[in-house]
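Handing you a structure now.
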Amino acid sequence: MGTPTMESFTIRTPCSSANIGPGFDVIGLALSVYLELRVTIDRSKPSSEHPLNCRVTYEGEGDEPGEIPLDPSENLITRAALYVLRCHDQRAFPVETHVHIANPIPLGRGLGSSGAAVVAGVMLGKVVGGLDHLDDSRLFDFCLMIERHPDNVGAALFGGFVGTYLKPLAPEDVARVEIPLSEVLPSPAGGVDTGERPPEPPFGIGHHIKFPWAKEIKAVAIIPNFEVATAKAREVLPRLYPIQDVVFNMQRIALLPVALGQSPPDPELINLAMQDKLHQQYRQTLIPGLQEIVDSMTPATQKGLLGVCLSGAGPTILALATSNFEEIAERIIARFRKENIDCRWKLLEPAEGTKVIKTQ
Ligand SMILES: Nc1ncnc2c1ncn2[C@@H]1O[C@H](COP(=O)(O)OP(=O)(O)O)[C@@H](O)[C@H]1O
Ligand SMILES: N[C@@H](CCOP(=O)(O)O)C(=O)O
C-alpha cells in the first residue's frame, strides 16, 4: 500500500500550572484546558503556495488579528516543529500541510500557554516528519532547548503532577544548552533552502517523576484580565537568595508531593507546603494584590480551601480546594477588584499529557 494522499490528526496538549508554591522551576501540574492542533496533510498537491508548505489558521484566546502570527516562520508552534524537522534535515513541512490551532489557554497568564505551544509544536514536527524514533524523553530535550525551564513543558508533555529535574551534562553539552534561543529558534524561521542545521539538543537534558494526586483535590484558576510575560516575570527575580529563604522552600518542597497525594487531604499540611519565598514575593511588583491574597486565604478562614499560590509566572492565582469552589474564587476576584482588575475563573482537574489522535 502506498502513502495515503490525505492524512489528518489532532495533537492535544494540556495547559499547566508550574511551581505550585515552593517548586519554582521544578514542579508542574497539567490541567484540563487543552490546546489542539488539527492537522491535515494533502499529499496530492504537486506544490504549495504557502510559505514552508504550511497554512496556519487560529481560533481561541488572543485571536485578534496580529496577536498570534499565522506565518509559519513566525508562529511559535510551527517554529518549534521546524526546529525538530531541520535537526533531521527536513527543511519545510510536507506539501501541503494545514495546521488549525484551537487554543483555549489564556496567553501570558501563567497557565503554560507557551509551554503547551512548544510541546505541541515539537510533537507536530515529529508526526509530520515521520520521526517515529523520537520518544517523549527525546521530545523533552527539544522542548528544553526552547523553553529552558522544565516544569511547565514537563507537565504539558507527560501529564499529571510532575517533578522535573535536569541532570549534569558533559561540558560540551552544557555549552549547547546555553546557545541563545535566537539560534535554536530563529524568528522568522528563514527560507527553505539555507540548508543550515540548527543546534541539536544533547540527549537526556531533562527528566521527570510523576507524583500521586489525591482524587478529592480540584484546582480553581482565577485569571486576571492582564498579561504578564514569563520572561518579564523572571527578570524581577534576584540572582542570589538569602540562605534562610532557600531552606524555607526546601522544607516545603519536601512536603508538597506527599501532602497533595494523601487521601483525605490534610488542609493545614497542604497550606504550609504551598508557601514560597523564591518567586512570589518578587513578582508581586507585577501583580497587585498578590501578597495579600496569598497571606489571607487559608483553610482556617475559607472552608474547602487547601492552599493558594501564584500559577506559573502569573498573574493567575491557583487555589487548591475540595469544595466551595465558587466562594473561594469570588473572594479572590473581590480582592483583585479592589485593584480595578477584573478576573474570570475556571474549575480544573489534573489532565493527561500530550496525545496524538489519528483522525484519518
Ligand atoms: N497557541 C499558541 N500559538 C502561538 N503562540 C503562542 C501560543 N500560545 C502562546 N503563544 C506565545 O507565547 C506567549 C505567552 O508566553 P508566556 O509569556 O510564557 O506566558 P504563559 O504563562 O501563557 O506561557 C504568547 O504571547 C504567544 O507569543
Ligand atoms: N517556573 C517558571 C514557570 C513559568 O510558567 P508559565 O506558565 O508562566 O509560562 C516560572 O515561574 O518562571
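Just so you know, all these numbers are worked out from the coordinates, no wet-lab data involved. Model, not experiment: these values are computed from the prediction. Cβ sites come from the backbone with ideal geometry, for glycine too, and all protein chains shown count toward neighbours.
Got a number for residues in the range 210-234 being within 14 Å of ligand 1 (Cβ to nearest atom) and of a type in the set (D, E, K, R)?
Of the residues in that region, 3 qualify.
Pull up the range 148-172, narrow it to residues that are touching a residue at least 40 places away in the same chain (Cβ under 8 Å) and more than 16 Å from ligand 2 (Cβ to nearest atom), then point me to the one that is nearest to Ala117 (Cα to Cα).
Among residues in the range 148-172 that are touching a residue at least 40 places away in the same chain (Cβ under 8 Å) and more than 16 Å from ligand 2 (Cβ to nearest atom), the one nearest to Ala117 (Cα to Cα) is Gly160.
Let me ask you something else. So, in the range 240-295, of the ones that are of a type in the set (Phe, Trp, Tyr) and within 16 Å of ligand 2 (Cβ to nearest atom), which residue ends up farthest from Arg337 (Cα to Cα)?
Only one residue fits best here, namely Tyr241.
Here is a follow-up. If I go through the range 313-325 residue by residue, how many of them are of a type outside the set (Val, Ile, Thr) and in contact with a helix residue (DSSP H, G or I) (Cβ under 6 Å, 6 or more places away or on another chain)?
Number of matching residues: 4.
While we're looking at this one, here's another question. Name the residue, out of Lys303, Lys338, Lys358, that is under 30 Å from Val127 (Cβ atoms) and either surrounded by fewer than 19 Cβ atoms within 10 Å (Cβ to Cβ) or in contact with a helix residue (DSSP H, G or I) (Cβ under 9 Å, 6 or more places away or on another chain) (or both).
Lys358
Among the candidates Leu107, Leu111, Leu124, which residue alone is more than 21 Å from Pro180 (Cβ to Cβ), touching an Asp or Glu at 6+ places or on another chain (Cβ under 9 Å) and within 16 Å of ligand 1 (Cβ to nearest atom)?
Leu107
Here's a check for you: in the range 309-328, which residue that is assigned to a strand (DSSP E or B) and farther than 14 Å from Gly110 by Cα is farthest from ligand 1 (Cβ to nearest atom)?
Going through the qualifying residues, I end up with Ala321.
Name the pairs: first residue in the range 53-74 and more than 10 Å from ligand 1 (Cβ to nearest atom), second residue among the polar types (S, T, N, Q), Cβ to Cβ under 7 Å, at least 6 apart or on different chains?
Asn53/Thr97; Cys54/Thr78; Cys54/Thr97; Pro72/Thr78
While we're on this one: Only one of these is more than 28 Å from Gly261 (Cα to Cα), under 14 Å from the mean Cα position of the chain (by Cα) and surrounded by fewer than 21 Cβ atoms within 10 Å (Cβ to Cβ): Leu107, Leu134. Name it.
Leu107
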